[in-house]
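Inspection log for the structure reproduced underneath, given as structure tokens.
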Amino acid sequence: MTALETLVSGLAGGSVRIIDLTHTLDPDFPVIVLPPEFNQCARFRMEEISAYDHRGPAWKWHNISMSEHTGTHFDAPSHWISGRDVPRGSVDEIPIEAFVGPVVVIDCSSGAAENEDFELTPGIIAGWEAEHGEIPEDAWVLMRTDWSKRSGADYLNMREDGPHSPGPTPDGIRFLIEERKFAALEPKRSVPMPVRALIMCRPIRRIFTCTAPGNTVCSVLQTWISFLQPVPY
Amino acid sequence: MTPPLRPPSKKDPQKRTNPPLRPPEARSRAALGLTAAAAEGRFALQVCEECASVQYPPRDACKACLSTDLVWRDQSSSGTLLAETTVRTSTKLFFRERMPWRMGSVRLDVGPVILCHLHGDCRRDDKVTILNRLDAAGQGVLLAVPAERTDNMDDDPQLRALSADPKHRRILITDLRNPNTPALAGALLDAGAATVFLGESESWRPHANRSTLAELENVEILPLDVTDTASVEKLAGEIGGKTDILINNARFMRPGGALDRGDTAFAREEMDVNYLGLMRLAQAFGPGMCSRTGDGVNSAATWVNILSVHALSNAPEYGCFTASNAAAYSLSQSLRGEFRTSGLRVMNVFTGPTDDDWYQELPPPKVTPNALARASVAGLRQGLEDVWCGDVANEIRERWRRDPKVLERELTQGVEGA
């Protein structure tokens, strides 16, 4: 059997499962909060067009509106100013193959449970590689934080100096970009600005950030990917 | 002495809610001057510009000299109760349900003798004060009350019916985040409100008002986002049947006119909150409130909007925000028409620049949250339709009445040397 046939029969037989890691959109889902003098990220909104009534007797449907950055999403290189000149850097131009790739999961959940500002450092990546082998080229690197188990105000965790949540350090990102040529980073939500600038200026297929929230056990990977936070940024 | 108004007991679930009833609405055009004054809590009578006589009831010509040059002018509201009578039956359902009903004739200090409703504490030959108040039909009517305050005076059934007193009522303030909410909630509780519901949008975003208000007795914080139809409908489903007064203080504002902004993003939010938010609230809460205007001590009474006074005439430095308020003001007039048959009032509180972040650049005078709260509660107690809060609002109102075009020209002044 070809790889594709193996996959398809695995899916049909139930030995391979497809897990939806995206977050279900709802109007009260947190989004990024910028200083109020800046334009803001639109919240998810759903307005009934008709519901089997005088506005349309036999059908129910809605208009929806939201930002590119509402709920589960990824940032294309052109999102950030450092990536504005990256060739094929916008969502509609990214080759579809870039959305499929090997995944490694670095479990930071226990550290994130103790420290809401927990950082993914080159040291932690090296520790992971010592145990599991080198991160393959073009892999998606998933940082497990269990942040998806939070909701509402706990999830955004906003304080007077801004939101607090785990994320990678600039050094960690630099290592992944330069030494491992990774394809994507999850989570992107707490990626600080210098890190973002680093990520976004890379040519596509090498680097884009993504979000892949969810809260189910991912048996496809037969690992402990039970996490992957919903991402407001 | 007026017996104190007791908090209502729980509703008997087997009894039908009293349907909205109202006294006769029809008036001549000449008589509507009284209603216009009542909408602002003023007592005014027709004065002849030719012979200076003051007359009542309103007519199309002066009863002394037949001149048609009549203007409405504020008058002293003092008088003496000459005679009284008690009406024991009526063909009008509104009065029939409220019998017996006292009426009297009062000689005003300014001359005319008027026929008016009587507060329970008024006796013959008493000095009285005439209140010009809007009744359930939205028309100005006159009520004589004792010149000196009496015990529980505001609890008199006739006076209470001509007000939207917060006492024993349940009140929804739609935006917990607004800087004026703590003052509003506090003033309403001080005025005897039974419960103050506070709508909170985006509870995932922390803000100071929550901790200030969450601990207060008789305050309930509930999820409400006026930009989300489902959220508005859900809350109306939960508390729409016990919302007696709704105060819409949801506001989105940013400075600037059209050219100060490169796009329509803020304007869209301003319209979504300030205009469409009002519409969503009206569609969700309006029908329930309209059906409960006859529901006893805590009947539905008033819908309150807090608007920039520049809804009347644009202030270009806040041009886009002002435009959304003009839209909301216009919609409030539509709501007055739509609510009229039920007797549910719409009170607009027009304010000048308020003392908060978004008016930081402007010099005083500014309206403090406490001043806004005091004016709103006073407006409810007097059953007003239009409240002008602060020096700026009162001045803009005067200038607007005098000549809207002159006001517009003054507000749209260019920059010297440009």
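Observations on the structure shown:
- Filtered residues of region A:144-156 (kept if among the hydrophobic types (A, V, I, L, M, F, W, C) and in contact (Cβ under 8 Å) with a residue 24 or more places away in the chain): A:Trp147, A:Leu156
- On the stretch given as region A:46-60, residues that are out of contact with any His (no Cβ under 7 Å at 6 or more places or on another chain) and facing another protein chain (nearest Cβ under 8 Å) total 0.
- Residues that are modelled with pLDDT under 95 and among the basic types (Lys, Arg), drawn from region B:198-252: B:Arg205, B:Arg210
- Of all residues making up region B:47-67, the number that are surrounded by 13 or more Cβ atoms within 10 Å (Cβ to Cβ) and without any contact (Cβ under 8 Å) to a residue 12 or more places away in the chain: 2
Residue-wise test of (1) in contact with a Ser or Thr (Cβ under 9 Å, 6 or more places away or on another chain); (2) in contact (Cβ under 8 Å) with a residue 40 or more places away in the chain; (3) within 14 Å of chain B (Cβ to nearest Cβ).
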| position | (1), (2), (3) |
| --- | --- |
| A:Pro122 | yes, yes, no |
| A:Trp128 | no, no, no |
| A:Ala139 | no, yes, no |
| A:Leu142 | no, yes, no |
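- Every residue from region A:160-170 that is touching a residue at least 24 places away in the same chain (Cβ under 8 Å) and either part of a loop (DSSP other than H, G, I, E, B) or over 20 Å from A:Glu129 (Cβ atoms) (or both): A:Pro163, A:His164, A:Ser165, A:Pro166, A:Thr169
- B:Thr195 being in contact with an Asp or Glu (Cβ under 9 Å, 6 or more places away or on another chain) and at pLDDT 95 or above: yes
- Filter result for the condition that a residue is of a type in the set (Gly, Ala, Ser) and either within 16 Å of A:Ser165 (Cβ to Cβ) or surrounded by fewer than 17 Cβ atoms within 10 Å (Cβ to Cβ) (or both), over A:Ser82, A:Ser148, A:Ser78: A:Ser148
- Matching residues, region B:208-226, being of a type outside the set (A, V, I, L, M, F, W, C) and either closer than 17 Å to B:Leu184 by Cα or buried (at least 21 other Cβ atoms within 10 Å of the Cβ) (or both): B:Asn209, B:Arg210, B:Ser211, B:Thr212, B:Glu215, B:Glu217, B:Asn218, B:Glu220, B:Asp225
- Residue in region A:144-159 that is nearest to A:Val33 (Cα to Cα), counting only those that are within 13 Å of chain B (Cβ to nearest Cβ), assigned to a loop (DSSP other than H, G, I, E, B) and modelled with pLDDT under 85: A:Ser151
- When the helices (runs of 4 or more DSSP H) confined to region B:180-246 are screened for residues that are within 13 Å of chain A (Cβ to nearest Cβ) and either touching a residue at least 60 places away in the same chain (Cβ under 8 Å) or within 25 Å of the chain's Cα centre (by Cα) (or both), those reaching at least 2 such residues are found at B:229-239.
- For region A:45-79, the set of residues classified as within 26 Å of A:Asp28 (Cα to Cα) and part of a loop (DSSP other than H, G, I, E, B) consists of A:Met66, A:Ser67, A:Glu68, A:His69, A:Thr70, A:Gly71, A:Thr72, A:His73, A:Phe74, A:Ala76, listed by residue number.
- With respect to the conditions (1) crowded, with 18+ Cβ neighbours inside 10 Å; (2) away from every other protein chain (no Cβ under 14 Å); (3) at pLDDT below 85, A:Ile106 falls short on a single one, namely (3).
- Filter result for the condition that a residue is assigned by TED's automatic domain parsing to the domain that holds B:Val196, in contact (Cβ under 8 Å) with a residue 12 or more places away in the chain, over 23 Å from B:Glu410 (Cα atoms) and surrounded by fewer than 24 Cβ atoms within 10 Å (Cβ to Cβ), over B:Thr341, B:Thr302: B:Thr341
- Scanning region A:34-45 for residues that are at the interface with chain B (Cβ under 7 Å from one of its Cβ atoms) and surrounded by fewer than 17 Cβ atoms within 10 Å (Cβ to Cβ) turns up just one, A:Asn39.
- Number of positions in region A:48-58 that are surrounded by 11 or more Cβ atoms within 10 Å (Cβ to Cβ) and aromatic (Phe, Trp, Tyr): 0
- Complete set of residues in region B:138-175 that are under 20 Å from B:Leu45 (Cα atoms) and in a loop (DSSP other than H, G, I, E, B): B:Gly138, B:Gln139, B:Ala147, B:Leu162
- The residues listed here are B:Arg254, B:Arg169; of these, the one that is crowded, with 18+ Cβ neighbours inside 10 Å, in contact (Cβ under 8 Å) with a residue 12 or more places away in the chain and within 13 Å of chain A (Cβ to nearest Cβ) is B:Arg254.
- Against the numbered list (1) in contact with a Phe, Trp or Tyr (Cβ under 8 Å, 6 or more places away or on another chain); (2) within 14 Å of chain B (Cβ to nearest Cβ); (3) surrounded by 15 or more Cβ atoms within 10 Å (Cβ to Cβ); (4) of a type outside the set (S, T, N, Q), A:Gly101 comes up short only at (2).
- Matching residues in region B:193-247 - criterion: being at positive phi and of a type in the set (S, T, N, Q): B:Asn218
- Applying the set (1) closer than 21 Å to B:Arg160 by Cα; (2) out of contact with any Cys (no Cβ under 8 Å at 6 or more places or on another chain) to B:Gln75 leaves exactly one unmet item: (1).
- Matching option when the condition is modelled with pLDDT under 95, surrounded by fewer than 24 Cβ atoms within 10 Å (Cβ to Cβ) and either in contact with a strand residue (DSSP E or B) (Cβ under 9 Å, 6 or more places away or on another chain) or among the hydrophobic types (A, V, I, L, M, F, W, C) (or both), among B:Asp386, B:Asp355: B:Asp355
The values are calculated or read from the model by the stated rules, or taken from the named source; none is laboratory data. Not measured: the values here are computed from a predicted model. All Cβ positions, even for glycine, are placed from backbone atoms using ideal geometry, and neighbour counts span all protein chains on display.
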